[in-house]
């Protein structure tokens, strides 16, 4: 191609239309036309660099390389590029809670940025104040707030100035264990609100825990745990339940309600156990002839003797005025009979010392249940056949029936 004035005009028209020229210009005999051609080609290369640079900036590719220094056409975009990089850095500072950042080099963008930073700073201050108010409120109640990082389980906030501790082993022992138990819960977490109970294994305190996912600070996914100490309530409930399960009178023995529950538990555990039904002899005679005070002494004496004979794991229940149950766990027939024999020996020794004209005595019946479970035979009671066979009450009924057989034999002998 010959370099002519008309060819150079065509090159410029093509450049204006986005058609870029070849890397090198054809040789010309005219030095001036040759110099103009080379300058137009250099302009074409710089315009192409500027176009690629501008497109990368438009796409947000701020990691694009700057055009060569010799490309003065890109000077303005280079300055914009540097300003955008600086602006990104300031935004990152804000995401980390540094709301003091200001921008004064980008006109309307500066105004919008500064207004955003000011609003976020006010909201952060309000959040901090609300958090302090919450901590003050919690300090007057038996409530604690623990915030743990979602992924690592790291303690972000806790009671008793726990923020001063960087490691669990430096915390008070009971609090460190509490945090570990919360971390264990996070490991099996569901990203939703949960309400559950937790017992601190170090100090046996009970808590009602309300757990929920959230964000701590500005960018940490976290779990919020609000703990309310319910130890007093748990203790009160246990004492109320214990009171319900005990004889309301002076004996403080368990009652029939507890006996049925305990026997049911033993049946479910498939263990050997015995139910001994005890009925005091002569109780009505003592009350009629010597009065109720002597009758109460009679009952206390029997109870003291029974408690001195039975094992720690055995359960003693008063189920009527002069009727009692001994529930002997983990035992077979011979073992149950040995306990009854020791009980009879102790009563005999008591009567020799007491020398009352109406001695202590009782009749008994033993129903054994082995580890294979209870296979009831129909009881004499119609109610038991209909509703109670195979239950704890059925076992009590069978022991009761055996006791009455013994009592009838003793009465015949008399």
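Could you check region 290-335 and list, in sequence order, the residues that are assigned to a loop (DSSP other than H, G, I, E, B) and touching a helix residue (DSSP H, G or I) at 6+ places or on another chain (Cβ under 6 Å)?
Within region 290-335, the subset assigned to a loop (DSSP other than H, G, I, E, B) is 291, 310-314, 319-322, 330-332.
Matches in region 290-335: 319, 322.
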Note: among 132, 90, 122, 150, just one is within 24 Å of residue 210 (Cα to Cα) and modelled with pLDDT of 75 or more, namely 150
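Regarding residue 225, is this residue modelled with pLDDT of 85 or more and surrounded by 12 or more Cβ atoms within 10 Å (Cβ to Cβ)?
On the way: modelled with pLDDT of 85 or more: yes; surrounded by 12 or more Cβ atoms within 10 Å (Cβ to Cβ): yes.
Considered against the rule, which asks whether it is modelled with pLDDT of 85 or more and surrounded by 12 or more Cβ atoms within 10 Å (Cβ to Cβ), residue 225 comes out as yes.
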For region 352-400 the number of residues that are part of a loop (DSSP other than H, G, I, E, B), modelled with pLDDT of 75 or more and over 17 Å from residue 268 (Cβ atoms) is 7
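Is region 314-325 home to any residue that is under 19 Å from residue 358 (Cα atoms) and within 47 Å of the chain's Cα centre (by Cα)?
Within region 314-325, the first condition is being under 19 Å from residue 358 (Cα atoms), and the residues that meet it are 321-323.
Narrowing the set further to residues that are within 47 Å of the chain's Cα centre (by Cα) leaves 321, 323.
For region 314-325, residues under 19 Å from residue 358 (Cα atoms) and within 47 Å of the chain's Cα centre (by Cα): present.
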Within region 62-101, the residues that are assigned to a loop (DSSP other than H, G, I, E, B), over 40 Å from the mean Cα position of the chain (by Cα) and farther than 22 Å from residue 50 by Cβ are 101
Among (1) more than 12 Å from residue 278 (Cα to Cα); (2) buried (at least 17 other Cβ atoms within 10 Å of the Cβ); (3) modelled with pLDDT under 90, residue 328 falls short only on (3)
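This table checks each residue for (1) touching a residue at least 60 places away in the same chain (Cβ under 8 Å); (2) more than 37 Å from the chain's Cα centre (by Cα); (3) loosely packed, with under 12 Cβ neighbours inside 10 Å.
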residue	(1), (2), (3)
257	no, no, no
260	yes, no, no
277	yes, yes, no
282	yes, yes, no
286	yes, yes, no
298	yes, yes, no
302	yes, yes, no
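The values are calculated or read from the model by the stated rules, or taken from the named source; none is laboratory data. All values reported here derive from a predicted model rather than from experimental measurement. Ideal geometry is used to build each Cβ from the backbone, glycine not excepted, and the neighbour counts take in all protein chains shown.
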